[in-house]
1. Which condition number in (1) in contact (Cβ under 8 Å) with a residue 12 or more places away in the chain; (2) surrounded by 13 or more Cβ atoms within 10 Å (Cβ to Cβ); (3) not in a loop (DSSP other than H, G, I, E, B) is the one that PRO103 fails?
2. Every residue in region 52-61 that is touching a Leu at 6+ places or on another chain (Cβ under 7 Å) and either modelled with pLDDT under 95 or hydroxyl-bearing (Ser, Thr, Tyr) (or both), please.
3. ALA83 - would you say it is assigned to a strand (DSSP E or B), under 30 Å from GLU62 (Cα atoms) and open to solvent by less than 80 Å² (accessible area, probe 1.4 Å)?
4. Report whether or not ALA127 is in contact (Cβ under 8 Å) with a residue 12 or more places away in the chain, outside any strand (DSSP E or B) and aliphatic (A, V, I, L, M).
5. Right, LYS143: open to solvent by less than 90 Å² (accessible area, probe 1.4 Å) and of a type in the set (Lys, Arg) or not?
6. Identify the residue in region 79-110 that is closer than 16 Å to GLY51 by Cα and among the aliphatic types (A, V, I, L, M) and, among all such residues, is modelled with the lowest pLDDT.
7. Residue pairs, Cβ under 6 Å, 6 or more apart or interchain, first in region 54-67 and in a strand (DSSP E or B), second charged (D, E, K, R) and surrounded by fewer than 17 Cβ atoms within 10 Å (Cβ to Cβ). List them.
Amino acid sequence: MTTKHAMTSLPRTAGRIAAAGLAAATVFLGLAGTASAHVGVTPDTAAPGGGVQLTFSVPNEEDNATTTKVEIVFPADQPLAFAAVRPLPGWKVAVTKTKLAAPIKSDDGEVSEVVSTITWSGGSIAAGEYQNFDVSVGTLPAKPTTMAFKALQTYSTGKVVRWIEVAAPGAEEPAHPAPVLTVKAAAATTGAAKATTTPATVKTGASSSDSAGSDGLARGLGGAGLVAGLAGLGFALARRRTET
């Protein structure tokens, strides 16, 4: 293959690679566009019998509308004695409570009225944006379980998306899944699972004088190299003058 042919084939090869990369990127972006974000909760796991701050993340999935209202419905069959909302600038908060048929115990005594729904309104989540809504809750169930906090998202067009579907164990995720908190104990740490740290090998037998000697030698060699370089430069300049 001649040099001319090789030079000609390189742009063609690069063009083919670029075209393939563009095609792959187009497919990837197309797949990414079909995936939709959901209303989620963080963290999605917590320890039994305690409290936790829940952050509900609400994305806007509409291109030509804004989200104007968000409702979080607490699980009626798993009442929580305590719920406090973090103030969010630009949003108004309405807390709805319900009276229990039988009181539940809390750190402050028995509680007969609990939060059933928290509604944020008056704010706006634009297209391509999301907003976090924080709620501190307690006391979580004492035994491992799952808690579904169903969410209703209202858009400026009047459309309401109901994130209320709960998948059965092992089933595929539904189209509009509800945010779910899993209450479970932390995994126990066994002795075998503990990480061990191997101390770094330390070289012994080298004294400070050895180190000083090494430093002196390195500096001496460096100085000699500098001198040799300057001498060579002077010789070259002198020879140039002689030639001219």
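The values are calculated or read from the model by the stated rules, or taken from the named source; none is laboratory data. What you see is a predicted model; the values in this text were computed from it and never measured. Cβ sites come from the backbone with ideal geometry, for glycine too, and all protein chains shown count toward neighbours. The protein model used for the area step is the full one, side chains on, heavy atoms only, and it has no ligands, DNA or RNA in it. Shrake-Rupley method; radii C 1.70, N 1.55, O 1.52, S 1.80 Å.
1. (1)
2. Correct list: empty.
3. Values: assigned to a strand (DSSP E or B): yes; under 30 Å from GLU62 (Cα atoms): no; open to solvent by less than 80 Å² (accessible area, probe 1.4 Å): yes.
When the stated conditions are applied, ALA83 does not pass them.
4. yes
5. Details: open to solvent by less than 90 Å² (accessible area, probe 1.4 Å): no; of a type in the set (Lys, Arg): yes.
No: the conditions fail for LYS143.
6. ILE104
7. As it stands, the answer is THR55/ASP134, since those pairs meet every condition given.
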